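The values are calculated or read from the model by the stated rules, or taken from the named source; none is laboratory data. Quantities reported herein were computed from a predicted structural model and do not represent experimental measurements. Every residue, glycine among them, receives a Cβ derived from its backbone with ideal geometry; neighbour counts consider all protein chains shown. The accessibility values were calculated without ligands, DNA or RNA, using every heavy atom of the protein model including side chains. Shrake-Rupley method; radii C 1.70, N 1.55, O 1.52, S 1.80 Å.
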Amino acid sequence: MGVLLVILPLLAFSEFLEISAANGLWGGLWDLSGGFMPVPEVVRLLVAAVVLIFLRVVIDSHSWSLFPLYKRWLSRAFVSDPSEGAYRPKNQDQPRAPTPAKAKKFDYELVWKDPYTQLGKGGPELILCCAVNLHGRGEAASGRKAGSFVFSREHVGGPDVGWHRTSDYLKCLKGTSRRKDVTILASMAISGAAFSPGMGKMTLGSLGGLMALMNARLGVWLPHPGLTKKLNNELIKWRGRPGWTWWIREIFLLFRAKSTYLYVSDGGHWENLGVVELLRRGCNQIYLVSAAGDGRDGFATIGEAIALARSELGIEIDIPELDKLRAKTGDPKSEEETLVLADGTVRRYAAHTHVIGTIRDHHTGNRGQLIAIEANLTKGMPWDVIAYAESNKNFPDDSTLDQFFDHRQFESYRRLGQYQMAAALKQKPLPNDGRPRPSISP
């Protein structure tokens, strides 16, 4: 339906132009019965213009994109009602059993405040990392075509486009249709908006414009944080919406840092693991969890994060034993313990569930610790995970294009992650656990 809503108005408008070119602005039009209709074509063009202006005012460019569907999809998978999961009351005839969690209503507004974004007083804080597309000359580092854009309990924005306090940002958007695009649920969906006309360093050029025409777009136009700040110490309510003209910008890849709206997409279009943003905030012990689907023999995503931390912040990350996370192809004649898959192929287990790296700040010399975890198969995994791996050779490296996880696949990934993280959490901090550098976030 989204594709049809885009194509049909274009065909109708081109028909108006064709008729005008054939008959002149003041000509007529033959009706289906063969009679002549003396309706000036200039009137038809005016009607088309009025319709376009009307759509510009009342319809935003996200209305017919795939983003609302994608947001609803993710909410069903990952956002459950916290009141569920409690035990059923005791019954003499039935044993106690947990109540299955249910998805929250799609229209429920998850706002950026406790208890959703911070687990207890002084506990971990939720930060969602996205990418803001910047295609203007000099707006982003060469070749990146994007900058970091972060949603957190305290701030919204990024170093390339500026920041705004989250509470004030939400107040500016209160009562507008833009508010629905900056909830926790929407931000989570934006951080995973993998395919869009603008994809930062992965932008496909003219193919991106074709994606916009075909409505294959998950990115979102968000109000610029720098334009929602206080004027004369008073917050100004946001006006307007990104209408169909902003969709035209997607077709021609017009993503600029100083425009009214910023085009924000998947965080992986800048950095896929969130490591740089943790370093930017001065974290001295980081658990890097990679399930990027690089394959059993590759660490491309971790390598990108290391390179970006060095060039962006001047921080060096060294993980000397990273190759111990590799799960290489097994040899049936090897004496090492291997996993025999259902199709007869053999895979060795990776040597470790996690490895330890160091963080060193070039500016201060302070050090920190990084614990790297890669989704892999290791000896000692839970038996249900082993059984699933035996019959699914792509596990745990299924492509992100697979958006149709069944309950067994989902549980296998969840349990594997729980097992690996439990092992990593036993790692003791380094003795000299000073901060690698002061936080440079706002």
Exercise for review: Mind listing just one residue for me: the one in the stretch 352-375 that is part of a loop (DSSP other than H, G, I, E, B) and touching a helix residue (DSSP H, G or I) at 6+ places or on another chain (Cβ under 6 Å) and, of those, surrounded by the most Cβ atoms within 10 Å (Cβ to Cβ)?
Suggested key: THR353
Review point. Among the listed residues PRO223, PRO242, which satisfies the condition of being within 22 Å of the chain's Cα centre (by Cα), open to solvent by less than 30 Å² (accessible area, probe 1.4 Å) and under 16 Å from PHE149 (Cα atoms)?
Key: PRO223
Point to revise | Matching residues in the stretch 376-399 - criterion: being open to solvent by 20 Å² or more (accessible area, probe 1.4 Å) and touching a residue at least 60 places away in the same chain (Cβ under 8 Å) | key: ASP397, ASP398, SER399
Revision key, fill the gap. Counting only residues in the stretch 400-420 that are among the charged types (D, E, K, R) and not in a helix (DSSP H, G or I), the one least open to solvent (accessible area, probe 1.4 Å) is identified as ASP402
Review point. Restricting attention to the stretch 50-69, and to residues there that are in contact with a Gly (Cβ under 7 Å, 6 or more places away or on another chain) and part of a loop (DSSP other than H, G, I, E, B), which single residue is surrounded by the fewest Cβ atoms within 10 Å (Cβ to Cβ)?
Key: ILE59
Check your understanding: For the stretch 335-350, how many residues meet the condition of being open to solvent by less than 70 Å² (accessible area, probe 1.4 Å) and assigned to a loop (DSSP other than H, G, I, E, B)?
Key -> 4
Practice item. Could you tell me whether any residue of the stretch 234-243 is modelled with pLDDT of 90 or more, assigned to a loop (DSSP other than H, G, I, E, B) and not aromatic (Phe, Trp, Tyr)? Key: yes
Point to revise | Inter-residue pairs, beta-carbon under 7 Å, first more than 8 Å from SER265 (Cα to Cα) and in the stretch 183-198, second hydroxyl-bearing (Ser, Thr, Tyr) and open to solvent by 20 Å² or more (accessible area, probe 1.4 Å), 6+ apart | key: ILE184/TYR116; ALA189/TYR70
Review point. Are any residues in the stretch 400-424 free of Cβ contacts under 8 Å to residues at least 24 places away in the same chain and farther than 27 Å from TRP73 by Cα, and if so, which ones?
Key: ALA422
Check your understanding: Taking interchain pairs and intrachain pairs at least six residues apart, which have beta carbon atoms under 6 angstrom, with the first residue in the stretch 250-266 and under 18 Å from VAL182 (Cα atoms) and of a type outside the set (A, V, I, L, M) and the second open to solvent by less than 10 Å² (accessible area, probe 1.4 Å) and part of a strand (DSSP E or B)?
Key -> TYR261/TRP221; TYR263/ASN133; TYR263/TRP221; SER265/ALA131
Practice item. Go through the stretch 288-313 residue by residue and tally those that are more than 17 Å from THR378 (Cα to Cα), touching a residue at least 60 places away in the same chain (Cβ under 8 Å) and surrounded by fewer than 16 Cβ atoms within 10 Å (Cβ to Cβ). Key: 1
Check your understanding: Which of the residues belonging to the stretch 259-284 are among the basic types (Lys, Arg) and surrounded by fewer than 20 Cβ atoms within 10 Å (Cβ to Cβ)?
Key -> ARG281
Exercise for review: Looking only at the stretch 192-207, decide whether some residue is farther than 18 Å from LEU254 by Cα and among the polar types (S, T, N, Q).
Suggested key: no
Review point. Based on what the data block shows, is ALA423 at negative phi, modelled with pLDDT of 90 or more and open to solvent by 20 Å² or more (accessible area, probe 1.4 Å)?
Key: yes
**Study point:** Every residue from the stretch 376-391 that is in contact with a helix residue (DSSP H, G or I) (Cβ under 9 Å, 6 or more places away or on another chain), closer than 16 Å to THR338 by Cβ and not in a helix (DSSP H, G or I)
**Key:** ASN376, LEU377, THR378, GLY380, MET381
